[in-house]
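**Q** Supplied in C-alpha cells, the structure appears directly below.
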Amino acid sequence: MQAILSWQLLFAALVTGSIYVLVALGLNLVYGTMRLLNVAHGDMVMIGAYVSYWLFTLSGLSPLLSMLIAAALTAALGALAYVGLFRRLLANRQLVQRLEGNSLLLFFGISIVIQNLASLAFDSTPRAYQYLDRVVAIGNLGITENRLAALIVTGILSLVIVLFLRFHIYGLAIKALMQHREAATVVGIDVERVQILSFCIGFGVAGLAGALLSMMEQITPFMGFPFTIAAFVVVILGGLGNLLGGMAAGLLLGILETYGVALTSPSLRSVLIYGVFILVLLVRPQGLLGGKRVVR
Amino acid sequence: MTLLKLQSVSKTFGGLRALRDVSFEVASGEIVGIMGANGAGKTTLFSLIAGNATPSSGEIWFKGRRIDGSRPDQNCRAGIARTFQIVRPFAGLTVLENVMVAVLFGSSRERSRAKAAARAEEILHELGLEERKSQLAGSLTLSGQKRLEIARALATGPQLILLDEVMAGLTATEVNELLTAIRVIKQRRSLTIVIVEHVMQALMRLADRIVVLHHGEKIVEGLPAAIVEDERVIAAYLGSAS
Amino acid sequence: MIGRWTIPLIVALAAACGVPFVAGDYLIGVALSLAMWIALTESWILLSGLTGYVSLGHVVFYGLGAYVGILLWGEVGGVLAVGGAGLASGVFALAVGYPALRVRGPYFVMLTFGLAEFCKYIVIDVEAGLGQFSRLLLGGPSVLQLYYVVLGLAAAATALTFFVARSRLGYALRAIRENEEAAETVGVPVAFCKLAAFALSAIIPGMVGALMVARSSYFEPSQVFDPIVSFTIVTMAIIGGSDDARGPFLGAALLVLLSEILWARAPQVYMILLGILLIAFVLFAPGGITGRLLSRPVKVKP
C-alpha cells in the first residue's frame, strides 16, 4: 500500500502522461483541422524512437539533441503523406463523403507498411540504450535523469505549442480551421498551407515524443499502436480541438494506467488501456465531436 | 376526431431551449401548416412527433396513444411518416429500392418483395418518378430527391404525414406541380398532413389551419387568412418583436 | 432469380470438391487456406458490406471460436466443439453487439479493433493465470477432412451472404448503410437488424476458428487473435470490390496466392504489399471500400 502512495509512482504517472499529451496533441491537430483519423500516428513515435536509438548507438549523439532530428524527419514524413496521399483524398469529392472512414483505412495501410518496413530494416528484437540513467534524489524521491529530462522537455514543448496556437498567426489559422472550416476559407486563410503545417507539427511532435521515450523504454517496430490507442482515448476524453482538455486527459490516462497497473499486475496493462478505450467509445458514441454538435 | 395532440411540449438541447410549451391538435383529414422563421423550432417539432428525438417535457398523443419516447420505427408503423428538410435519400440504392424499403418496413410490413416492388412503382408513378426508378437515388436532381422523400414517406402507408419544407429550393413551376400532386395524394388516401413550409403562398393555398412558432413558442394558431393579418405574426417575421 | 451465378458457383464448388483427387498435400493445404479466407470474408461482408459498419476486429469471433474449440475438443469431440465454437461466437456477438452497434462510422471501426485486442489480452491473461501459454490439440482430423468441412463452411457463408443480401433483412441493412436515420424513420427496426447481421456474421468465423486450431493442432492466444487476420479480411473484401457474396473470391484468391509466395520467406514484404494494396484500392479504385464497394447497389429483380 505504501508503494501506491509514493511520490515515485506519481512521478512515473506524470512522465507517462506527458508523453501521451504530446502524442495526442498531434492526433488532435490532424483530426481537428481535416477530419482525418490518423491510426498511423503511433508509428511516428516508433520512427522517432529509432532515429534517436541509432544516432545514439552509432555516433553517441544525445537523444536530447537527436530528438530535433527525429522531429524534423517525422515532420517531413507528414508533409510527404499529405502531399502524396491525403491531398488527393481531400480533393476527391466522392472519397470526402466518407472522409473519416476512408482516412482511417488509408492510415491503417500506411501503418502496416511503416511497421513492416521498420521490422524489415531493424528486425523485431526489442532494443534499448542507456543514457542519463543515473538516479538523482529530490527529497526522498529517487528518479532517473532521463525521466526528469523527458518531463521537462514535454512540459516546455506543450507550453510552446499552446502559445503558438494562441498567438502566432499560423497557430490562430489552425484553430480557425478546427472551429469552422468554411468560415476559415472565407476570411482568407491559406487552407492548403495550414493543413500541411498541421501534418508537420502533428507528426513532428509525435516523433519527438518517440525520441524521448527511447531513453526510457525498450523499442520495437510494433511499439506504435498502443500509443495510437492511447492518443485516441486522450483526444476523445479531452475533447476535439480542446488542447488544454487534451493535456488534462493525457495526464489522467497516465495516472490511470500507472496506478491501475501498480494496483493489479503489469500483465494487465494492455487490458487496462483497451478497456478504457472501449469504454470511452461506448460512453461517447457520438465520437470525438461529442457534445459539440449543433442539433436543430 | 383528434389524430395528433401535443400537450405543452418542450425540448432543450444542452442549455438551448428549442421548443417551449407548445400545444396544438390536428384532426383527422386536416392539413395544418407550421410557420416560423429559421430556428423557430419547426424541424425539432417534427423530430419529436416522428420519434427522432424525445421531448424534455410534455406529452404527445397519436390515435389516443401516448407516443413520446417511442422510437421512430415504432411511430412509423403506428402510422406517422415524415420527410426530411435536408433530403436523406438512400443514395447508393435505386429510386425503386428506396421506396421498397419503406413498403417492406412501414405500417403494411409487406413480406413479399415482388408485391413491395409493385406497390413502390405505383407510388413512384403518382409522384412522376417512375422513369427514374432504376437510377441511383443520389443521382437525382434536388427536385427529384424532394419527391423521393415524399414517395418514401407515403410508401410507409401513413395516416399522418409530416412534410418538412418539401418545396424549398424548387422553381415556381416545380412548386405548382408538387402542390397539385400533394392535393391529389391527400384526396386519394384521406391523409392528414402537417406541413412546414417557407414558401408562404404554398402554405396559404394548402393549409386549412396554421400554427405559427416564434423562438420555440407557439404565438398564434388560426385560419390562413387570419394569420397573414395578425400583428404578432407580422412583427415576428419583420423581426421587431422578441 | 439466382440465374447467372448459380452455374459458375456450382462448377466452382464441384471443382473445389475435386481438388484432393488431383492435388498433393501442399495444394490441399493451399485450398484449405483459400476456403477459410472465403468463409471469413463472406461473413465479414454480411455485416460490413451490407450495413457499412466496417469491422476491423472480425478476428475476435475467429479467436473466440478457436478458444472455445480447444477447450471443448478433448471433452466432447470435434463436432460438438465446432458447433459450440460457432454458438459461442454468435452469443458473444449478441452480447456485445447492442452497445457496440450504437457507435457509428469510424468510431465503430476503432471500437471493433479495440474490442478484438481487448479480448486477446483477456484470453492471454486468463491462460497465463491458468499457467497455460499454449495448448496442444492432438488426434484432430486430417487435413483432407478439414478441407471438406471448411469448404462446406465457405459455401454456407457465401450462400448466407447471398441470400441475406436479397432478403427483406438485406434491404433494411443496405438502407441502414445509406442513411440510418432515414431507415429508422421509414420503419426499419435498426437496432434489431444490425444485431441480427452482427450475430449472423459471427457464427461461421467462430466455427472456422475451432477448425483452424485443429489444423495447426496448436493454440496460442496471440496467434488466433492476431489483428492481421482482421486486416487481411478487410483487404480481401476491398480488393474483391463488391458488396455482395461474389466479392471475396477474387480478393481471397489473390491474397492467398501472394501469401503462399511470400509469407514463409518474407512475411514483412507480404504485409507491406497488403498495406500498399489497401492504400491503392481506397485511393484509386473509385470510391474505395466505403464508397464504391459499400454503396454499389445490388440489381433489383422485382
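**Q** At most 14 other C-beta atoms within 10 Å and a DSSP loop state: those are the exposed trypsin sites (Lys or Arg not before Pro) I care about. Give me the longest piece of chain B that has none.
**A** The longest such stretch corresponds to B:112-242.
**Q** Here is a further query. Would you mind getting me the FRET efficiency between C:GLU181 and C:ALA12? Use the beta-carbon distance for r and R0 = 35 Å, nearest 0.05.
**A** 0.30
**Q** Provide the percentage of antiparallel DSSP beta bridges, counting only those with both residues in chain B; round to the nearest 5.
**A** Antiparallel: roughly 55 percent of the beta bridges in chain B.
**Q** Treating the angle as unsigned and between 0 and 90°, give the value, to the nearest 10°, between the Cα long axis of helix A:243-263 and the longest Cα principal axis of chain A.
**A** 40 degrees
**Q** Hey, another quick one. Distance in nm between label sites at A:LEU263 and B:GLU217, each 7 Å beyond Cα in the beta-carbon direction?
**A** 5.0 nm
**Q** Considering protein heavy atoms only and a 1.4 Å probe radius, which residues within the stretch A:97-125 exhibit an accessible-area decrease of no less than 50 Å² in the full assembly relative to the chain by itself?
**A** Buried by the other chains: A:ARG98, A:LEU104, A:LEU105, A:LEU106, A:PHE108, A:ILE112, A:VAL113, A:ASN116, A:LEU120.
**Q** Between C:VAL22 and A:SER6, what is the label-point separation in nm under the 7 Å Cα-to-beta-carbon projection?
**A** Simple spin-label model gives 7.0 nm for this pair.
**Q** With charges set only on the Cβ (+1 for Lys and Arg, -1 for Asp and Glu), what does the dipole of the protein assembly as shown come to about its Cα centre, in debye to the nearest 20?
**A** The dipole of the protein assembly as shown has a size of about 1300 debye.
**Q** Counting each DSSP H run of 4 or more residues in chain A as -39500 (n - 2.57), what helix-only mean residue ellipticity at 222 nm follows after dividing by all residues, to the nearest 500 deg cm²/dmol?
**A** -24500 deg cm²/dmol
**Q** Please work out whether the stretch C:1-72 counts as rounded, prolate or oblate from its C-alpha gyration tensor, where a ≥ b ≥ c are the square roots of the eigenvalues and a/c under 1.5 means rounded, while otherwise a/b larger than b/c means prolate and anything else oblate?
**A** Details: a/c = 2.75, a/b = 1.17, b/c = 2.34.
Note, shape of the stretch C:1-72 comes out oblate.
**Q** Once fully extended, how much extra length lies between C:PHE133 and C:LEU257, figured as 0.36 nm per residue of separation less the alpha-carbon to alpha-carbon distance?
**A** Residue separation times 0.36 nm, minus the Cα-Cα distance, leaves 41.5 nm.
**Q** A further question on this structure: Classify the stretch A:25-221 as rounded, prolate or oblate, taking a ≥ b ≥ c as the square roots of the eigenvalues of its Cα gyration tensor: rounded when a/c is under 1.5, otherwise prolate if a/b is larger than b/c and oblate if not.
**A** On the way: a/c = 2.68, a/b = 1.53, b/c = 1.76.
Verdict is oblate for the stretch A:25-221.
**Q** How many square angstrom of accessible surface are buried between A and C, both sides summed, with a 1.4 Å probe and rounding to 100? If you can, show how the numbers build up before the last one.
**A** Details: alone 14510 and 14060 Å², together 24950 Å².
Roughly 3600 Å².
**Q** Let me ask something else about it. Counting pairs of alpha carbon atoms under 8 Å apart in space and at least six apart in sequence, what relative contact order in percent does chain A give? Numbers along the way, then the final one.
**A** Working: 452 pairs, mean separation 114.3, N = 296.
In percent, rounded to a whole number, it is 39.
**Q** Could you go through the stretch B:126-143 in sequence order and give the Karplus-derived ³J(HN,Hα) for each residue, using 6.51 cos²θ - 1.76 cosθ + 1.60 with θ = phi - 60°, rounded to whole Hz, and x for Gly and Pro?
**A** Per residue, the Karplus-derived 3J(HN,Hα) values read 4, 9, x, 10, 5, 5, 9, 5, 8, 7, 5, 4, x, 8, 6, 6, 4, 4 Hz.
**Q** I would also like to ask the following. When the C-alpha atoms of the protein assembly as shown are aligned to their principal axes, what extent does each axis show, in angstrom, from largest down?
**A** 88, 74, 50
**Q** Could you tell me the distance between the Cα centroids of the stretch B:96-164 and the stretch A:104-150, to the nearest Å?
**A** 58 Å
**Q** Ok, one more. First measure r as the distance between the Cβ atoms of A:LEU148 and C:LEU94, then evaluate 1/(1 + (r/R0)^6) with R0 = 35 Å and state the FRET efficiency to the nearest 0.05. Write down the numbers at each step before the final one.
**A** Working: r = 51 Å, r/R0 = 1.45.
The pair A:LEU148/C:LEU94 has a calculated efficiency of 0.10.
**Q** For the protein assembly as shown, which whole percent of the accessible surface, found with a 1.4 angstrom probe, sits on carbon and sulfur atoms? Present the calculation step by step, with values, prior to reporting the outcome.
**A** Values: 21160 of 33440 Å².
Carbon and sulfur: 63 percent of the exposed surface of the protein assembly as shown.
**Q** What nm value, rounded to one decimal, do you get for the distance between B:ALA114 and B:GLN135 when each label is placed 7 Å out toward the C-beta?
**A** Computed distance between label sites B:ALA114 and B:GLN135 equals 2.9 nm.
**Q** For the stretch C:86-99, what does the Karplus curve 6.51 cos²θ - 1.76 cosθ + 1.60, with θ = phi - 60°, yield as ³J(HN,Hα) per residue in whole Hz, taken in order and with x for Gly and Pro?
**A** Result, ordered by residue: x, 4, 4, 5, x, 5, 4, 4, 4, 5, 8, x, 4, x Hz.
**Q** Taking 8 Å as the Cα distance limit and 6 or more residues as the minimum spacing, I'd like the relative contact order of chain C as a percentage.
**A** In percent, rounded to a whole number, it is 31.
**Q** Further question: Grab the Cα-Cα distance for B:MET1 and B:ASN38, subtract it from 0.36 nm times how many residues apart they are, and report the gain in nm with one decimal.
**A** Working it through step by step, the gained length comes to 10.2 nm.
**Q** Applying the Karplus parametrisation 6.51 cos²θ - 1.76 cosθ + 1.60 with θ = phi - 60° to the phi angles of the stretch C:66-81, what ³J(HN,Hα) value in whole Hz is obtained for each residue in order, glycine and proline being reported as x?
**A** In residue order, the calculated couplings are 4, 5, 4, x, 5, 6, 8, 3, x, 7, 10, x, x, 4, 5, 5 Hz.
**Q** With solvent modelled as a 1.4 Å probe, how much accessible area in total do chains B and C shield from it at their shared surface, in Å² to the nearest 100?
**A** 2400 Å²
**Q** Now for a separate question. Output the residues of the stretch B:35-77 meeting this criterion: accessible area (heavy atoms, 1.4 Å probe) in the chain alone minus accessible area with all protein chains in place is 50 Å² or greater.
**A** When all protein chains are present, B:ASP73 each give up 50 Å² or more of accessible surface.
**Q** Right, here's the next one. Using a 1.4 Å probe, what is the accessible area per residue for chain A, in Å²?
**A** Heavy-atom SASA per residue in chain A reads 42 Å².
**Q** Next question. Post the alpha-carbon centroid distance, the stretch B:1-42 to the stretch A:27-74, in whole angstrom.
**A** 55 Å
**Q** Expected output is a single nm value to one decimal: the length gained when fully extending between B:VAL184 and B:ARG65, i.e. 0.36 nm times separation in residues minus the C-alpha distance. What is it?
**A** Taking 0.36 nm per residue and subtracting the Cα distance, the gain is 39.9 nm.
**Q** Compute the separation of the alpha-carbon centres of the stretch C:10-68 and the stretch C:90-160 and state it in Å as a whole number.
**A** Each part reduced to its Cα centre gives a spacing of 13 Å.
**Q** Just check the stretch C:15-226 against the gyration tensor rule for me: Cα atoms, a ≥ b ≥ c as the square roots of the eigenvalues, rounded for a/c under 1.5, and otherwise prolate or oblate depending on whether a/b exceeds b/c.
**A** In terms of gyration-tensor shape, oblate.
**Q** Now, a different point. Excluding B:SER23 itself, calculate the net charge of residues whose Cβ lies under 15 Å from the Cβ of B:SER23, where each Lys or Arg counts +1 and each Asp or Glu counts -1.
**A** 0
The values are calculated or read from the model by the stated rules, or taken from the named source; none is laboratory data. Here the structure is a predicted model, which is why all the values come from computation and not from measurement. With ideal geometry, Cβ positions are generated from the backbone for all residues, glycine too; neighbour counts draw on all protein chains shown. Heavy atoms of the whole protein, side chains included, go into the accessibility calculation; ligands, DNA and RNA do not. Shrake-Rupley method; radii C 1.70, N 1.55, O 1.52, S 1.80 Å.
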